[in-house]
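The structure under discussion appears below in the form of structure tokens.
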Amino acid sequence: MATIRLGDEAPNFTAVTTEGEINFHEWLGNSWGILFSHPADYTPVCTTELGTVARYTDEFKKRNVKVAALSVDGLESHRGWIKDINETQKTTVNFPIIADEDKKVSTLYDMIHPNANDKQTVRSVFVIGPDKKIKLMITYPASTGRNFDELLRVIDSLQLTAYHKVATPANWKQGEDCVIVPAVTTEQIAALFPKGYKEIKSYLRVTPQPNI
Ligand code: BEZ
């Protein structure tokens, strides 16, 4: 198992999922992607997480993000559990859940942390860009449900950097000023940022969020 780091190519794989067999890279196509693992089916925190992801379908679609979940449980278990998620979380799970019974994908992505649990995946999240490179990795413990608003916030930030040459400062939220990336020279600013900018220091230049 190789260590995965930011900027690495997301390892490709084929896997059995609740929506048929997928080749991960082909399934991603030109989209951004989220691959996230959970410890087990029919567990309370995971039920709320997958329900939340399903309810955020429109938010992911808006951002051109495809989502795939994963645990080491089998397909029949996933299918039965989806009914419970839909019922209890008032939603419809409409993204693939990978049945990683042989732990092939979990191992590829280092999702099993034996000193936490040697049989189940922890709560890993990988955000993958349209170039198939790893853009974000976060690992949560089994007992803490993820904050999917934070994931959307990070995707917004990543897309602002990719498409508009700005980064986002601490605690940034939609609509707030952004930071012009250091690679942009002073000479380029006027053409790139017609809304204007403020130079607080030569290395700290802020501009209104460009894409609103
Ligand atoms: C769960 O729901 O997945 C869970 C809850 C408490 C501890 C560990 C896992």
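Overview of results
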{"item": "Leading residue by the ranking (least open to solvent (accessible area, probe 1.4 Å)) among those in segment 9-38 that are of a type in the set (D, E, K, R) and outside any strand (DSSP E or B)", "result": "E19"}
{"item": "Segment 58-92, residues that are of a type outside the set (A, V, I, L, M, F, W, C), within 24 Å of L160 (Cβ to Cβ) and part of a helix (DSSP H, G or I)", "result": "D58, E59, K61, K62"}
{"item": "Complete set of residues in segment 166-179 that are open to solvent by less than 60 Å² (accessible area, probe 1.4 Å), part of a loop (DSSP other than H, G, I, E, B) and not β-branched (V, I, T)", "result": "P169, W172, G175"}
{"item": "Some residue of segment 70-78 being touching a helix residue (DSSP H, G or I) at 6+ places or on another chain (Cβ under 9 Å), charged (D, E, K, R), touching a residue at least 24 places away in the same chain (Cβ under 8 Å) and surrounded by 17 or more Cβ atoms within 10 Å (Cβ to Cβ)", "result": "yes"}
{"item": "Residue identified as open to solvent by 70 Å² or more (accessible area, probe 1.4 Å), within 24 Å of D149 (Cβ to Cβ) and within 16 Å of the ligand (Cβ to nearest atom) among T88, T92, T47", "result": "T88"}
{"item": "Identity of the residue in segment 133-165, in a loop (DSSP other than H, G, I, E, B) and of a type in the set (K, R), that ends up least open to solvent (accessible area, probe 1.4 Å)", "result": "R146"}
{"item": "Unmet criterion (only one of (1) within 16 Å of the ligand (Cβ to nearest atom); (2) assigned to a loop (DSSP other than H, G, I, E, B)) for L6", "result": "(1)"}
{"item": "Selection status of D41, within 16 Å of the ligand (Cβ to nearest atom) and either surrounded by fewer than 17 Cβ atoms within 10 Å (Cβ to Cβ) or modelled with pLDDT of 95 or more (or both)", "result": "yes"}
{"item": "Condition broken by A190, with the remaining ones in (1) farther than 22 Å from K61 by Cα; (2) touching a residue at least 12 places away in the same chain (Cβ under 8 Å) satisfied", "result": "(2)"}
{"item": "Selected residue (only one of A116, A183 is among the hydrophobic types (A, V, I, L, M, F, W, C), closer than 26 Å to R63 by Cβ and open to solvent by 30 Å² or more (accessible area, probe 1.4 Å))", "result": "A183"}
{"item": "Residue match in segment 62-69 (condition: within 16 Å of the ligand (Cβ to nearest atom), over 26 Å from I4 (Cβ atoms) and open to solvent by 20 Å² or more (accessible area, probe 1.4 Å))", "result": "no"}
{"item": "Conditions (1) away from the ligand (no atom under 16 Å from the Cβ); (2) in contact (Cβ under 8 Å) with a residue 24 or more places away in the chain; number of the one not met by R153", "result": "(2)"}
{"item": "Qualifying residues in segment 124-136 (those that are farther than 14 Å from F60 by Cβ and out of contact with any Ser or Thr (no Cβ under 7 Å at 6 or more places or on another chain)) - the one farthest from the ligand (Cβ to nearest atom)", "result": "D131"}
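The values are calculated or read from the model by the stated rules, or taken from the named source; none is laboratory data. None of the values given here were measured: they were computed from a predicted structure. As a convention, Cβ positions derive from the backbone with ideal geometry for all residues, glycine included, and neighbour counts pool all protein chains shown. Side chains included, ligands, DNA and RNA excluded: accessible areas come from the protein's heavy atoms. Shrake-Rupley method; radii C 1.70, N 1.55, O 1.52, S 1.80 Å.
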